Amino acid sequence: MKKNTLTLILLLMIGLVAGTLVGQLLSSYAALSFLTKSVELSWQPKADLLVIRYDLDLHIRLNLISIMGLAAGFWVFRRL
């Protein structure tokens with residue numbers, strides 16, 4: 001299978017979503033709260049160029065489990 005950027009992005013997104021789902025499942029356990037504590041990152045680029053105007057909102061919530069999911073996605077990509 002040929003490796004390309006689209007495959008990398010797809011595997012990273014799958015790893016991120018899977019890690020977030022696992023984090024949501026583990027959030028009910030108090031002993032694992034350090035793994036499921038989230039940090040929210042936001043980026044809001046805006047521009048008004050008279051001809052075109054855009055306004056984007058990007059919000060990402062990361063926790064240790066979702067970062068592990070990202071690492072697993074990258075590992076799978078490297079194994080292809």
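Structure summary
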read-out	value
Arg61, sole failed condition from (1) outside any helix (DSSP H, G or I); (2) exposed (fewer than 10 other Cβ atoms within 10 Å of the Cβ)	(2)
Failed item, numbered, when Met13 is tested on (1) surrounded by 10 or more Cβ atoms within 10 Å (Cβ to Cβ); (2) not in a helix (DSSP H, G or I)	(2)
Members of the range 26-43 found to be touching a Lys or Arg at 6+ places or on another chain (Cβ under 8 Å) and among the charged types (D, E, K, R), listed by number	Glu40
Looking only at the range 16-30, and only at residues there that are farther than 12 Å from Phe74 by Cα and in contact with a Gly (Cβ under 8 Å, 6 or more places away or on another chain), the one that is surrounded by the most Cβ atoms within 10 Å (Cβ to Cβ)	Gly19
Candidate set: the range 33-58, residues that are in contact with a strand residue (DSSP E or B) (Cβ under 9 Å, 6 or more places away or on another chain) and outside any strand (DSSP E or B); chosen: the one nearest to Leu12 (Cα to Cα)	Ser38
Every residue from the range 15-54 that is under 18 Å from Ala71 (Cα atoms) and touching a helix residue (DSSP H, G or I) at 6+ places or on another chain (Cβ under 6 Å)	Gly15, Leu16, Ala18, Gly19, Thr20, Val22, Gly23, Leu35, Thr36
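Just so you know, all these numbers are worked out from the coordinates, no wet-lab data involved. No experiment lies behind these values; they were computed from the predicted model shown. Neighbour counts run over all protein chains shown; Cβ positions are idealised from the backbone, glycine included.
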